[in-house]
Amino acid sequence: MPLVNSKEILQDALKNRYAIGAFNANNMEIVQAIIETAEEERAPVIVQASQGAIKYAGLDMIVAMVKVLAERTFIPVVLHLDHGTDYEQNIRCLRAGFTSLMFDGSALPFDENVMLTKKVVEMAHAVGIPVEAEIGQIGKMDSSDEPGVAREKIKEFFADPIEAEKFVKLTGIDSLAAAVGTIHGCQEPIAQLDIPRIEKIRNLTGLPLVLHGASGASDEEVRKGITAGICKVNIDTMIRMAFTRAAKEYLTKNPQEIDPRKVLGVAKEAAKEVIRDRIRVLGSQNRV
Ligand code: G3H
Ligand code: ZN
C-alpha cells in the first residue's frame with residue numbers, strides 16, 4: 001500500500017498500550033530488512049532516515065526505495081525524518097514524500113525551539129503530515145564514560161514535565177521525544193528510565209511519547225516505558241552492530257569472497273533478527 005501517515009498508527013499504539021518500532025535505515029539492505037520483517041510479523045512499522053543517512057544515500061534514493069517496498073506490502077509503512085535539526089531539511093523531506101517529520105530543536109533555547117517547531121508544524125499540518133519534536137536533551141554516549149557516570153550525567157538534561165506540557169500547547173506537535181533516561185549510541189543496555197516522569201509527561205500532554213536511544217534499554221525497561229506511555233521506540237545502534245558484526249564474521253570465515261551480495265545478504269539476515277526481536281518486545285506484532 002502507499003506510505004501511511006504516522007498519526008493513526010501511533011494513536012492505536014497509545015490506545016492499546018504497545019509501541020511501534022522506528023528503525024533507522026542507512027542502506028538498501030536495511031530498508032529491506034525492516035519492511036520484510038515487519039511484514040513477516042504483521043507489524044505496522046516506521047522506517048526512519050536521519051540527516052546523515054539522507055546525506056549518504058540521497059533524499060530521492062531513500063524515498064524511492066522505501067516507497068517501492070511499501071507499495072509491495074500489505075502492512076502500514078511510514079517514512080519518517082529522524083532528528084531533522086533544521087527547518088529547510090524538514091521542508092525538503094515533506095516535498096520529497098516523507099509521511100512523518102521530526103524537528104529536533106533540543107539544542108536550542110526553549111523559545112527558539114518552540115518558534116521553529118511551530119513553523120514546521122504549520123507547514124506539515126497544511127498537508128496533513130504529523131510532526132515529532134524533542135524536549136530535554138537525549139545525549140550521545142561518550143565511549144569513555146562508565147555506565148554509572150553516563151546515567152548521572154544525563155539527568156540534568158531530562159525533560160521537565162511542566163515545560164513539556166507548555167511546549168506541546170505552544171507548538172501543536174503530534175508526538176513528543178522526551179529525555180527520560182536513554183542515551184543515543186549505547187552498545188549495552190545501561191539505561192534506567194524515569195518511569196514517574198514518563199507518566200507525568202504522558203498525563204500532562206496526552207501525546208504518544210517517543211523513546212530515542214532505545215538500543216541502550218533492556219527489554220524490561222522498554223516494557224515498563226510502554227506501560228507508562230511510550231508509543232514509538234527508535235532503534236539504530238542495535239541494527240548497525242548486528243549488520244556489521246555479521247559482515248565481519250562472514251569475511252573472516254570467507255576471506256576470498258568478493259561477491260557483495262553474499263556479504264550484505266548475511267548482514268541483512270542479522271539485521272532482520274534484531275528487528276524481529278524488537279517488534280516482539282514492543283508488542284507490535286500481529287497488529288495488521
Ligand atoms: O533517533 C534514533 C534513535 O534514537 C536511535 O538510538 O542508536 O541508540 O538505538 P540508538
Ligand atoms: Zn534519536
For the V288, V127 Cβ pair and Förster radius 35 Å, calculated FRET efficiency rounded to 0.05 is 0.90
Nearest 10, in degrees from 0 to 90: the angle of helix 195-205 to the longest Cα principal axis of the chain is 60
The simple spin-label model distance between F110 and R17, using points 7 Å out along Cα→Cβ, in nm, is 3.2
Label model pair R42, K140: point-to-point distance (7 angstrom along the Cα→beta-carbon line) in nm is 4.1
Residue by residue through region 174-188, the couplings from Karplus 6.51 cos²θ - 1.76 cosθ + 1.60 with θ = phi - 60°, in Hz, x for Gly and Pro, are 9, 8, 10, 8, 10, 6, 9, x, 9, 9, 5, x, 6, 9, 10
HN-Hα couplings for region 124-137 via Karplus (6.51, -1.76, 1.60; θ = phi - 60°), in whole Hz with x for Gly/Pro, come out as 5, 5, 4, 10, x, 9, x, 10, 9, 9, 10, 10, x, 9
As straight-line cross-link partners of K248, the qualifying aspartates and glutamates (C-alpha separation under 15 Å, not fewer than 8 residues apart within one chain) are E257, D259, E269
The helix 6-16 Cα axis meets the longest alpha-carbon principal axis of the chain at an angle in degrees, between 0 and 90 and rounded to 10, of 80
Rounded to the nearest 10, the angle in degrees between the Cα long axis of helix 87-96 and the longest principal axis of the Cα atoms of the chain comes to 50
extent check for region 7-238: Cα max minus min per principal axis, descending, whole Å, gives 44, 36, 36
Over 20 Å (Cα to Cα) among K15/K224; K224/K268; K118/K166; K166/K224; K15/K67; K119/K169 -> K224/K268; K166/K224; K15/K67
Here the Cα Rg-to-2.2 N^0.38 Å ratio for region 111-197 is 1.24
For the pair I195 and A96, the simple spin-label estimate (label points 7 Å beyond Cα toward Cβ) gives in nm 4.0
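Read the figures in this text as sums done on the coordinates, not as results from a lab. Since this is a predicted model, take the numbers as computed values, not measurements. As a convention, Cβ positions derive from the backbone with ideal geometry for all residues, glycine included, and neighbour counts pool all protein chains shown.
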